[in-house]
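First comes the structure, then the notes that go with it.
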Amino acid sequence: MTGAPVLVVIGGGPRGTGVVERIAANAAELYGDRPLDIHLVDPYPPGGGRIWRQEQSPLLRMNSMAEDVTMFTDDTVQLDGPVRPGPALHTWAADVREGRTAVAADPAVLGEIHRLGEHDFPSRRLQGAYLRWVYEQTLAALPPGITVHEHTGYALRISGPRGGRQRVRIQGRPEPLVADLVVLTVGHLDARPDEELQELTAFATRHQLVHLPPDFTADTDLTVLPAGEPVLVRGFGLAFIDLMVLLTEGRGGRYENGAYVPSGKEPVLHVGSRRGVPYHSKIGYTWQGERPPLPHHFGPDQVADVLGIPGPVDFRRDLWPLVAKELGHAHYHRLFTAHPGRTAMDRGDFAEKYAAAEPGSPELAALVASAVPDPADRLDLDALDHPLDGVRHASYDALQDGLRAYITADLERRHDPRHSPDLAVFLGLLSVYGQLTGSGDIGEGWHGFFSHLASGPPGPRLRQLLALSQAGVVRFLGADMTVEADEEQGVFRGRSATVPGTYTEARVLVEARLPAPSLRRSRSPLLSGLYEDGAAGTDAGLLSVDPADGRILDREGRPHPRRFALGPYTTARSSGAFTRPRTGGPAFRQNDATARTALAFLRDLSCRDRLTA
């Protein structure tokens, strides 16, 4: 090898920026003043990447408050490299506002930055400006010998022997990049539709209907959805919220005094899902007082014990009872410390008996019932996860009233600090997710539960949903939604278990969700190529990586010495898009481990080359 070693980072969004930041933080210790070329590959501008690019609708917002978003490590993060603190989003905005930080951004985005408060939910394009600034600060922090080269385009293929240099082919570039190491940080990926979706699309084509498969909503052509027509929407999570916004305010509608004033260009959205309800509202108050000690019943030792059981781990059987007990610990610790008047047992006595009771046992249920008189103060995870189980309505009109009452009650509870055990459970969820990171493929059930309970929309979005429901622009279908293709009538039919015996017809069907991760069906030739070359994948479609440092595993379980991967398409995915300050940040720990492994490898490679030169 001649010249500087080469590291290729594929994906210039937040995760790619985070890896380069950790390269900068660890270089002095592990790499010294040696030269290194980093090639950053992404079709979108570095920093924000695809999801957080600044060129998108200002109507699309984050579902996190500004004070809950940071790209910088702090002393709560367990990492081997140095902590490099920096401003959270709201602090950065204040620095820009006060002239302490300069940022180049569109005047409209600068106006948003100047108006941003710590409890506001920023637009995604504002977050893109923050991420671009973080990226620029990261470049400035690199030692003089490390140079970053940006490449605009998609990475198409990685080839090369396990023991030799890798070749990365890039769209529009005639010659591949030759790399000593490659790190994939590509974020959410598109996927080819499964058999059911293919059949629905073919049906739509035959009958001149519209079927929009799972996609990132901001990139979907919504002009094909006609005004005033019924549209079946399958999916009630964050993708639906984006769809709702773009088809209402995005088409000229507006809100006045809490009511929605239509523009006349909106379709009528008939929305249902497996749960039949939107994600729970973001909690609208901040933490006060003593925090629950976490982890407590679900820490590294408990996870290691479960992973040490012979045979495959079943999440529901092996992990869920411990997870439920941990969340209950967080809930009841808060109830006893902050709201003792609603308990009927000595706090220490309860804690001792709770710790001794078997997870999910009748003894545990009896203990909670005797110590917490009001059922509303008890943690019922099944009811939180599936609130419409067993609920039946005689008509869709009755369901509209029932679901509006449910959403209203959820909003009131999630904004009332008298129910602060809910926030303790949220902290418990973050702790559990941190422990599960690196546990391999634990199935989609946990991730769906976490998102439903902890990653919901901000309160204002749900209040808009209520207004749209009152205006008749959104109609609720209920739980366990199914879609039928009626060949004779040439229409889609949506049904639910919540309103038995009835259905809604439409000529348009929208799948309001991101594509499920799938190595086999990925539209990314990069990922499908890795799978073809022997990279291991899980039944859920995730790329298998070494939890220690993110190296890609082959089907014999061997880590590739020169290929790494981080992000939501891997078995080491972490919770949420961003880290809340002072919550440990598993993604930061992963980035640090990958960067340190890469730097040590490249240092040793450089030393060997010098000795043989």
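The values are calculated or read from the model by the stated rules, or taken from the named source; none is laboratory data. Keep in mind that what you see is a predicted model, and the values were worked out from it rather than measured. Cβ sites come from the backbone with ideal geometry, for glycine too, and all protein chains shown count toward neighbours. Calculation scope for accessible area: heavy atoms of the full protein, side chains included, ligands and nucleic acids excluded. Shrake-Rupley method; radii C 1.70, N 1.55, O 1.52, S 1.80 Å.
Points worth noting:
- Gyration tensor (alpha-carbon) shape descriptor, region 269-379, a/c threshold 1.5: oblate
- Rounded percent of accessible protein surface that carbon and sulfur make up, region 479-613, 1.4 Å probe: 49 percent
- Per-atom-type breakdown for region 184-318 gives carbon and sulfur 50% of the accessible area (1.4 Å probe, protein chains only).
- Largest-first ellipsoid semi-axes for region 153-235, taking √(5λ) over the Cα gyration tensor eigenvalues, angstrom: 40, 14, 12
- Reachable lysines, given that their alpha-carbon falls under 30 Å from the alpha-carbon of LYS282 and they are not under 8 places away in the same chain: LYS265, LYS325
- Kirkwood Rh and Cα Rg combined as Rg over Rh, evaluated for region 52-175: 1.06
- Looking at the chain, the DSSP beta bridges with both ends there are about 45 percent antiparallel.
- Taking 19 Å as the cut-off, the amide N atoms of region 555-593 that come nearer than this to a point 7 Å along the Cα-to-beta-carbon line of THR286 belong to 579-584.
- Helix-only arithmetic for the chain: the sum of -39500 (n - 2.57) across DSSP H runs with n ≥ 4, divided by the residue total, places the mean residue ellipticity at 222 nm at -11500 deg cm²/dmol.
- Gyration tensor (alpha-carbon) shape descriptor, region 452-491, a/c threshold 1.5: oblate
- Spin-label pair ARG523/ARG316, simplified geometry with 7 Å Cα→Cβ offset, distance in nm: 3.2 nm
- Along the axis of the charge dipole computed for the chain (Cβ charges of +1 for Lys and Arg, -1 for Asp and Glu, origin at the Cα centre), the listed residues THR343, VAL178, LEU110 are led at the positive end by VAL178.
- Region 378-440, accessible surface, carbon-and-sulfur percent (1.4 angstrom probe): 51 percent
- Bins of 10 Å, starting at 0 and running to the largest distance - Cα pair percent for region 17-99: 13, 34, 37, 14, 1
- Per residue accessible area in Å² of region 147-250, where ligands, DNA and RNA are left out and the probe is 1.4 Å: 45 Å²
- List ASP422, ASP33, ASP346, ASP180, ordered by accessible area with a 1.4 Å probe, largest first: ASP33, ASP346, ASP422, ASP180
- Global geometry of region 393-540, whether rounded, prolate or oblate, following the gyration tensor of its Cα atoms and the 1.5 cut on a/c: oblate
- Listed peptides 548-556, 377-385 appear in the order 548-556, 377-385 once ranked by packing, highest mean of other Cβ atoms within 10 Å at the front.
- Accessible area of GLU358 in the full protein assembly, 1.4 Å probe (Å², nearest 10): 130 Å²
- For the chain, the longest principal axis of the Cα atoms and the long axis of helix 362-371 meet at an angle of about 70 degrees.
- Gap separating the Cα centres of region 327-376 and region 512-547, nearest whole Å: 42 Å
- Rolling a 1.4 Å probe across the protein heavy atoms gives region 467-529 an accessible surface of 40 Å² per residue.
- For ASP215, the amide hydrogen comes within under 5 Å of the amide hydrogens of ARG513, counting only partners 5 or more places away or on other chains and with H modelled in the peptide plane.
- With Cα atoms, 0 to 90° folded angle of helix 195-206 axis to the chain main axis: 70 degrees
- In this structure, SER159 and ALA304 have a Cβ-Cβ separation that, at R0 = 45 Å, corresponds to a calculated FRET efficiency of about 0.75.
- Between LEU189, PHE240, GLY264, the Cα set farthest toward the positive side of the dipole of region 142-289 (charges on each charged residue's Cβ, about the Cα centre) is that of LEU189.
- Normalised by the number of residues in the chain, the mean separation of alpha-carbon contacts (under 8 Å, six or more apart) gives a relative contact order of 22 percent.
- Given +1 at the Cβ of Lys and Arg, -1 at the Cβ of Asp and Glu and no other charges, the dipole of the chain around its Cα centre is 1180 debye to the nearest 20.
- In summary, the chain shows an alpha-carbon radius of gyration equal to 1.00 times the 2.2 N^0.38 Å reference for compact globular proteins.
- Centroid-to-centroid separation of region 169-216 and region 559-591 [C-alpha atoms, Å]: 23 Å
- At an R0 of 41 angstrom, the distance between the Cβ atoms of THR152 and GLU256 translates into a FRET efficiency of 0.40.
- The label point for ASP346 and the one for SER370, both projected 7 Å from the Cα toward the Cβ, are 1.4 nm apart.
- Accessible surface, region 291-355, averaged per residue in Å² (probe 1.4 Å): 50 Å²
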